[in-house]
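Novice: I'd like to ask some things about the structure below.
The values are calculated or read from the model by the stated rules, or taken from the named source; none is laboratory data. Computed from a prediction, not measured in an experiment: that's the story for all the values here. Don't worry about glycine lacking a Cβ; one is built from the backbone with ideal geometry, like all the others, and counts go over all protein chains shown.
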Amino acid sequence: MKTIFDSCEPRTEVLKGELREEIFAARLKDVIEDKADPVYQDPATFFDNTYPTEGLKLLLDEVLGRLTGVKAANNAIIRLETAFGGGKTHNLIGLYHAANGYASGPSFVDAALIPTHGTVRVVGVVGSDLQPRDGLDHPSIHSGHRGDATTYTLWGELAYQLSGDPLRAVADHLLSALRANGHKATDLARAAGSETPFYLDELTGLRLALILLAVKPLARHDRIEAIGQGVQAMGDEEAYYWFSKCSAGSDALRAQRALRILLAGE
């Protein structure tokens, strides 16, 4: 029997002494932020260096089939369970590239399952990176300055990645209203698909509704923040007055615009 030295030929980077141990520490967050080593960041390089395990092929078939509608009955939620070092992060990086519409697609996946680039919004959250106390600072989509947008919860982080800081600003007001009434952010996940309402005290619910009415047509983060802060700073009678004007009647839309101008300018 041949020895491993006789039957295997090391890769070029091994022979040249260029193999760095840190490339084995795959981080999904680095790939999402476009700062990973090319062996993970570049889709072609990644799949060229990836052995298509049955688990990886099954994961891509399930998720991509669901996303593209080719296999619409596939599972909508998948939980990966492997031992430590079993390849969960590697599989997720592969899924990230494929779902983003990597044009060539991995050779072991049906081309019909690869979505067109730009048709799928892909987000990724590393749970251990969340900072519920201090928050995660992000650059605002408007100013570009890090720290202008801060997420504290899983839901706020998902909202920021999906639609930027405007949605995050609204999500934070929603979560604050829920917490003020004894609910937890995790209650939203448990209530998914349920018609069971969340009960809020009248004034908290009124302020939240007023914010949502006023910011609905807006995209600029600074105006959304100004309106949210302005509504929260209103006295009770003023909040009731504006809600009555903005929520009913033929002049409701005009009242909403007036409120936007009052709190956030044109």
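Novice: Are there any helices (runs of 4 or more DSSP H) wholly within segment 1-98 with 2 or more residues that are aliphatic (A, V, I, L, M), and if so which? Break it down stepwise before answering.
Specialist: Working: elements: 4-7, 12-15, 28-32, 38-41, 43-48, 54-68.
Filter on segment 1-98 gives 12-15, 28-32, 54-68.
Novice: Considering segment 43-75 alone, what residues qualify as being surrounded by fewer than 15 Cβ atoms within 10 Å (Cβ to Cβ) and without any contact (Cβ under 8 Å) to a residue 24 or more places away in the chain?
Specialist: 45, 48, 49, 51, 54, 58, 69, 72, 73, 75
Novice: Just for helices (runs of 4 or more DSSP H) wholly inside segment 159-266: which have at least 2 residues that are on the phi > 0 side of the Ramachandran plot and at pLDDT 90 or above? Lay out the reasoning, then the answer.
Specialist: On the way: elements: 165-180, 186-190, 202-215, 221-233, 236-247, 252-264.
Of the helices (runs of 4 or more DSSP H) lying wholly inside segment 159-266, none has at least 2 residues that are on the phi > 0 side of the Ramachandran plot and at pLDDT 90 or above.
Novice: Considering (1) of a type outside the set (A, V, I, L, M, F, W, C); (2) surrounded by 12 or more Cβ atoms within 10 Å (Cβ to Cβ); (3) at negative phi, say which one residue 87 fails and leave the rest.
Specialist: (3)
Novice: Would you check which residues across segment 217-228 are in contact (Cβ under 8 Å) with a residue 12 or more places away in the chain, of a type outside the set (Gly, Ala, Ser) and surrounded by fewer than 18 Cβ atoms within 10 Å (Cβ to Cβ) and list them? Outline the logic, then answer.
Specialist: Keep residues of segment 217-228 that are in contact (Cβ under 8 Å) with a residue 12 or more places away in the chain, which gives 218-228.
Then drop every residue that is not of a type outside the set (Gly, Ala, Ser), which leaves 218, 220-225, 227.
Within segment 217-228, 218, 220, 222 meet the criteria.
Novice: Being surrounded by fewer than 13 Cβ atoms within 10 Å (Cβ to Cβ) and either in contact with a Leu (Cβ under 6 Å, 6 or more places away or on another chain) or under 19 Å from residue 33 (Cα atoms) (or both) is the filter here; which residues of segment 90-118 pass it? Before the answer, list the steps.
Specialist: Step one: list which residues in segment 90-118 are surrounded by fewer than 13 Cβ atoms within 10 Å (Cβ to Cβ), which gives 103-104, 107, 111-112, 116-118.
Matches in segment 90-118: 117, 118.
Novice: Tally the residues that are among the hydrophobic types (A, V, I, L, M, F, W, C) and surrounded by fewer than 20 Cβ atoms within 10 Å (Cβ to Cβ), restricting the search to segment 229-254.
Specialist: Going through segment 229-254, the residues among the hydrophobic types (A, V, I, L, M, F, W, C) turn out to be 231, 233-234, 239, 242-243, 246, 248, 252-253.
Within this subset, residues satisfying the condition of being surrounded by fewer than 20 Cβ atoms within 10 Å (Cβ to Cβ) are 233-234, 239, 248, 252-253.
Qualifying residue count, segment 229-254: 6.
Novice: Could I ask something else about it? Restricting to segment 1-41, and then to whatever is touching a helix residue (DSSP H, G or I) at 6+ places or on another chain (Cβ under 9 Å) and among the acidic types (Asp, Glu), can you tell me which residue is surrounded by the most Cβ atoms within 10 Å (Cβ to Cβ)?
Specialist: 37
Novice: I'm checking my understanding of the structure. Among residues of segment 109-121 that are assigned to a loop (DSSP other than H, G, I, E, B) and at pLDDT 85 or above, which one is farthest from residue 157 (Cα to Cα)?
Specialist: Per the criteria, the residue is 110.
Novice: Right, another one. Considering every residue within segment 132-153, establish whether at least one is at pLDDT 85 or above and over 19 Å from the mean Cα position of the chain (by Cα).
Specialist: no
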